[in-house]
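The values are calculated or read from the model by the stated rules, or taken from the named source; none is laboratory data. Note that the structure is predicted; figures quoted are calculated from it, not measured. Positions of Cβ are backbone-derived with ideal geometry, glycine not excepted, and every protein chain shown enters the neighbour counts. Note: areas computed on protein heavy atoms with side chains; ligands, DNA, RNA excluded. Shrake-Rupley method; radii C 1.70, N 1.55, O 1.52, S 1.80 Å.
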Amino acid sequence: MNNRRIAAIAVGMLLSLGLPTAEAKEKPQPGVLDEGKLEKSWFGAEVEFREADEIDYFWVKPGFSPEGRTLRFVDWPEPSFLGESAHKRDTKDMRLAQEMNSGMAEVFATAFSNAFQQRLKVSQSAGDVRVEGRIVDCSTGAVAAKVLIGFGAGSGSTTIDLRFKDAKSGELLAALHHRVVSGTTWSTTDSKFVGWVDEMVERFAKKGMEALYKKGGRVKE
């Protein structure tokens, strides 16, 4: 019996027992990206994500701009860790996620208000564009590893989904998924995240969301 025949029999036995094979592990799940942390179905529409300036996964409907609109930033639901790394998270990670989660709507509302000034309005009670988000992963990192090892060791991170929807029709207008990493000894996971939000929204205000999307490279699925 040759080696190819033996391998085929082994794979068949694994499948019959319900055990994962090397082939099965290599196959990505449809509609899932970023090692399982990005579920495309959450955005409610089939979109072509691109890697834009400092945004891992980004999409904007042609012609959409927040200028002249009223953005309603709603409270985020309880964090729900997704993906292959979810089993590695502990109580400290969940506690940090919950602490950050309570102020997320305000963090984004403040960033848009500061960056766009009078070019748009923000609200947490009414608006023609509904902005929703969620935390899908969070890690406090390890301070000792940051100090003693450096080079990214012990990095903390927060991964989020964010979507902009037409308040009346529910149509998706823009979507993003991004992981913010805190790898230095003088930055914390939450402070690094707020800094990234401010910088990202400033780029939206200066360059335009659609323009940034068009310049991005297509994400491989």
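When Glu99, Glu67, Glu78, Glu84 are screened for being open to solvent by 30 Å² or more (accessible area, probe 1.4 Å), at pLDDT below 95 and part of a loop (DSSP other than H, G, I, E, B), only Glu84 passes. Exactly one residue out of Val136, Val180, Val122, Val147 is assigned to a strand (DSSP E or B), at pLDDT below 95 and not small (Gly, Ala, Ser): that is Val180. Does Val129 satisfy the criteria of being at negative phi, of a type in the set (A, V, I, L, M, F, W, C), open to solvent by 20 Å² or more (accessible area, probe 1.4 Å) and at pLDDT 95 or above? In short, no.
Gly44 fulfils the conditions (1) surrounded by fewer than 19 Cβ atoms within 10 Å (Cβ to Cβ); (2) at pLDDT 95 or above except for a single criterion, (2). The residues of the stretch 150-177 that are at pLDDT 95 or above and in contact with a Gly (Cβ under 7 Å, 6 or more places away or on another chain), listed by number, are Ile160, Asp161, Leu162, Ala167, Leu172.
Here the condition is being without any contact (Cβ under 8 Å) to a residue 24 or more places away in the chain and either open to solvent by less than 70 Å² (accessible area, probe 1.4 Å) or among the charged types (D, E, K, R) (or both); of Val194, Val180, it holds for Val180 alone.
Does Val197 satisfy being at pLDDT 85 or above, of a type in the set (Val, Ile, Thr) and under 22 Å from Thr70 (Cβ atoms)? So Val197 passes the test.
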